[in-house]
Amino acid sequence: MRLPFLRRNRTQQFERAADGSMTLMEHLYELRDRLFKACLAIVAGMLVGWFLADWVLHVLQSPYCDFDASLARENNGGTLPTDWKCGFVQLGVADLLLLKLKITMWIGLILAAPLWMYQLWAFIAPGLHRHERRWTYAFAAAAAPLFALGAVLAYFCVAFGLRFLLDITNADVETTLEITRYVSFVTGMMLLFGVAFEFPLAMLLLNVAGVVSGQRMLKWWRIVVFLFFLFAAVATPTGDPFGMSLLALALSALYFGAVGLAFLNDKRRARRDRESFANLSDDETSPLEYDDAPVDELDPVATAEPIAGAEPVAASGAVTASGSVPSALPLDRSYDDIT
C-alpha cells in the first residue's frame, strides 16, 4: 500500500522541481539524499567486486601472460616448462592489496552504474524540457555501448602492442613487469579508447542541437581524420603503430557513421518544416484565433464579437505661459571657482 504513496510523492517532487517552486535548501536536501543513495549503491557493488577482483586481475594479466607463455614454449622446444610462472613482480609490500582494492572500486562503479546514474539523472531531469529528456535517453543508451566497444578494442590492442614492444628488446635483457604499472597501463588504454569513442556521439549531439549540419560535418572529414591520427599517436601509451592505427581508424569509422545519421536528421527536420507550411501560399497570412467566440473558417471576422466603442476623450487644460529666459552671463563670469 505504500508504493503508490511513494510514487505520488516522487511525482509531486518532480513537478515542484520542474516548475521552480522548490527552494534552494530543498534542492540541497534532495542532492544530499541522492548522493547518499548513490554511495550506498557503489558500496554494495564494491562488496560484490571484492570477490570478482582476482578474476578481473587474471583477465587483465592475460595479454602479457599469453605472450610470455608463447615465448617460453619457443625457448623450450614447443612445450611449456613445468616451473613456468607469469613474470610479474611487486615492489612494495602492500602493492598487491592496494591494486585489488583499486580493481574492487572499478568493479563497484561499473556494477552500480545504473543506480548512481539514475540518481544523477533524477536530480538533473526536472531542469530539462520533454524533448531534451527524450534525446538524453537516446544518447545515454548509445554512450554505454560505445564506451564498452572502445574498452574491448583497447584490450585486444594491448596484446599486439606488447608483442611489438617486447619483440624488439635485446636477447640479453630479461623483461620483468611490475604488476601495478602494468595494470595501470592496460586500464589506461581501455579508458582512453572508451572516452575517445564518445567523440562522434558528441558531434551528433551538436547536430541535433542545430549547431552543425551534416553537410558541414562531411566537409570537415579530411581535417577530422588527420586530427584522429594525430590524437592517437600522442595519446596511446605505447609507441607501436597497431594501437595508434586501430584507434584512429575506429574513430574515423564512427565519425562517418555520425555524419550519415546527421544527414538523416537534417532531412527529417527539413521535411517537418515543409509539412508545417505546406498548406499556406507565399502571400497567405496565418489565420487569427479567437478564444471567446466561435470562428467560422470561411469568414472569421463575421463570427467574431464586435469591438466595443471607445470612451470619449476629455479636453485638456490650458497650458500656462513659460517664464522669460535669463540673459547669458558675460564671458569672464561663465566659470565657477573650480573651472
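The values are calculated or read from the model by the stated rules, or taken from the named source; none is laboratory data. Just so it is clear, the structure is predicted and the values come from calculations on it, not from any experiment. As a convention, Cβ positions derive from the backbone with ideal geometry for all residues, glycine included, and neighbour counts pool all protein chains shown. Accessible surface areas use protein heavy atoms only, side chains included; no ligands, DNA or RNA. Shrake-Rupley method; radii C 1.70, N 1.55, O 1.52, S 1.80 Å.
The phi-based Karplus calculation (6.51 cos²θ - 1.76 cosθ + 1.60; θ = phi - 60°) puts the 3J(HN,Hα) values of the stretch 99-105 at 5, 5, 5, 5, 5, 4, 5 Hz, whole numbers, x for Gly and Pro.
With the simple model of a label 7 Å out from the Cα in the direction of the Cβ, Val48 to Leu166 spans 3.3 nm. Lysines within cross-link reach of Lys37: Cα-Cα under 26 Å, excluding same-chain residues under 8 positions apart? Output for Lys37: Lys100, Lys102.
Would you mind telling me the share, in percent, of accessible area of the stretch 49-208 contributed by carbon and sulfur at probe 1.4 angstrom? It is 69 percent, rounded to a whole number.
Using a probe of 1.4 angstrom and keeping all protein chains present, the accessible surface of the stretch 93-158 works out to 62 square angstrom per residue.
Among the protein heavy atoms, those of Asp83 account for about 120 Å² of accessible surface (1.4 Å probe, every chain in place).
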